[in-house]
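I have placed the structure first, in the form of structure tokens, so that the comments after it can refer back to it.
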Amino acid sequence: MKINKKVLLCAIIAVAVFAVMLVFDLLSKHFIVKALPNVGDSMDFLPGFINFVYIQNTGAAWGIFSGRSAFLIIMSLIVLGLYLWFFAYRLKKSGSHSSVTLAVSVGLISGGCIGNLVDRLVFGYVRDFLNFQFMDFPVFNVADVSLTIGIIVMVVYFIFLLPREDKKIAVRADFMNDKLFESKMSNDDKKVDNKNICDFHKEKSIESNIDEKKFNQAVHNSENYDNIDENLEKNPQNKNNEISQNSTNDTKNHTNEDSNGGGE
């Protein structure tokens, strides 16, 4: 089965973005924990804008669902599974019109989701360390950034790009239906033409007193309707020959009768 190049490209982009974001997230958490081993330890990064503060988050953003890691794990798997199914469905449906934007969104969301999922499965909490100093905002990590950007890209895709993509698919479907209709009509016309040719040869054979049985045999032996005459020529037999043969036989019979009568 031949794979569409655009479909393959989108799949590769999604996997590449996923791999990059997952590795970046896990490595950043590893080095932050090495540099800030205790919960609450901090380090300046961009003074007045952002710093590093190590915390262990057992819930989601703003502490919601705190201590319910199992629930968050199940929900993450369900949501991610549904989005991956949608991505596969769109690749199959869109074909050459598959969206790179959707592929990027899938890679970002998958990378962020799996990054935090690994933390919950291994440690029972998520390692957060990025903190905005100029505003009251929950401490987050690279996986959260990946998820947020992925969701924004997804919203852009659904609002602006998906309708255009569906229009292109509809145009392609109409074109394919038109081509199929033209092909069907062409085949139907060919059948009609062949039938007309066959009827013509049949009328010609009747006019020439060709035996109908032999004509049908010629049609059967012909690969197409164009070489019926050739088959008829190879096996000529017509009613004129039969009449001539019958006349000859009758003459012979009368001759024999006269000879027998003279002998008596």
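We did not get these values from a lab; they are worked out from the coordinates using the rules stated. These numbers were taken from a predicted model, which means no experiment stands behind them. When we count neighbours, we look across all protein chains shown, and the Cβ atoms used for this are built from the backbone with ideal geometry, even at glycine.
Select from segment 89-99 the residues that are loosely packed, with under 12 Cβ neighbours inside 10 Å and either at positive phi or of a type outside the set (Lys, Arg) (or both) and list them in ascending order. Spell out how you get there, then give the answer.
So in segment 89-99, the residues loosely packed, with under 12 Cβ neighbours inside 10 Å come out as 89, 92, 96.
Tyr89, Ser96 - these are the residues of segment 89-99 that are loosely packed, with under 12 Cβ neighbours inside 10 Å and either at positive phi or of a type outside the set (Lys, Arg) (or both).
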Checklist line | Of the criteria (1) part of a helix (DSSP H, G or I); (2) more than 19 Å from the chain's Cα centre (by Cα); (3) among the polar types (S, T, N, Q), which one Ser94 fails | finding: (2)
Checklist line | Cross-chain or 6+ apart pairs with Cβ under 6 Å, segment 1-28 first and over 13 Å from Gly112 (Cα atoms), then surrounded by fewer than 13 Cβ atoms within 10 Å (Cβ to Cβ) | finding: Asn4/Ser96; Lys6/Ser96
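Does Lys6 satisfy being of a type in the set (Lys, Arg) and farther than 25 Å from Val126 by Cβ? Show your work before the answer.
Numbers: of a type in the set (Lys, Arg): yes; farther than 25 Å from Val126 by Cβ: yes.
In short, yes.
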Notebook entry, point to check: Which residue pairs have Cβ atoms closer than 8 Å, lie 6 or more positions apart in sequence or on different chains, and pair a first residue in segment 36-57 that is without any contact (Cβ under 8 Å) to a residue 60 or more places away in the chain and on the phi > 0 side of the Ramachandran plot with a second residue that is of a type outside the set (A, V, I, L, M, F, W, C) and assigned to a strand (DSSP E or B)?
Noted result: Gly40/Tyr54
Next item on the list: Out of the residues in segment 68-96 that are among the small types (Gly, Ala, Ser) and out of contact with any helix residue (DSSP H, G or I) (no Cβ under 8 Å at 6 or more places or on another chain), state the one that is farthest from Asp166 (Cα to Cα).
Entry: Ala70
Note to self: I need the full set of residues from segment 22-51 which are among the small types (Gly, Ala, Ser), closer than 15 Å to Gln133 by Cβ and outside any strand (DSSP E or B), in order please.
What the structure shows: Gly48
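Determine, yes or no, whether Ser28 is of a type in the set (S, T, N, Q) and farther than 20 Å from Thr148 by Cβ. Don't jump to the end; show me each part of the working.
Values: of a type in the set (S, T, N, Q): yes; farther than 20 Å from Thr148 by Cβ: no.
Judged against the criteria, Ser28 is not a match.
Suppose we filter Ile159, Ile152 for residues that are surrounded by fewer than 16 Cβ atoms within 10 Å (Cβ to Cβ), on the phi < 0 side of the Ramachandran plot and touching a Ser or Thr at 6+ places or on another chain (Cβ under 9 Å); which single one remains?
On the way: Ile159 fails: touching a Ser or Thr at 6+ places or on another chain (Cβ under 9 Å).
Among Ile159, Ile152, only Ile152 is surrounded by fewer than 16 Cβ atoms within 10 Å (Cβ to Cβ), on the phi < 0 side of the Ramachandran plot and touching a Ser or Thr at 6+ places or on another chain (Cβ under 9 Å).
Residue-by-condition table, conditions (1) within 45 Å of the chain's Cα centre (by Cα); (2) surrounded by 12 or more Cβ atoms within 10 Å (Cβ to Cβ):
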position	(1), (2)
Lys2	yes, no
Leu9	yes, yes
Val20	yes, yes
Ile32	yes, yes
Ser42	no, yes
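Would you check if Val79 is surrounded by 13 or more Cβ atoms within 10 Å (Cβ to Cβ) and touching a residue at least 24 places away in the same chain (Cβ under 8 Å)?
Judged against the criteria, Val79 is not a match.
I need the full set of residues from segment 100-136 which are among the acidic types (Asp, Glu), crowded, with 17+ Cβ neighbours inside 10 Å and outside any helix (DSSP H, G or I), in order please.
Initial filter on segment 100-136 (among the acidic types (Asp, Glu)): 119, 128, 136.
With the extra rule that they be crowded, with 17+ Cβ neighbours inside 10 Å, the set shrinks to 119, 128.
Residue satisfying the conditions is Asp128 alone.
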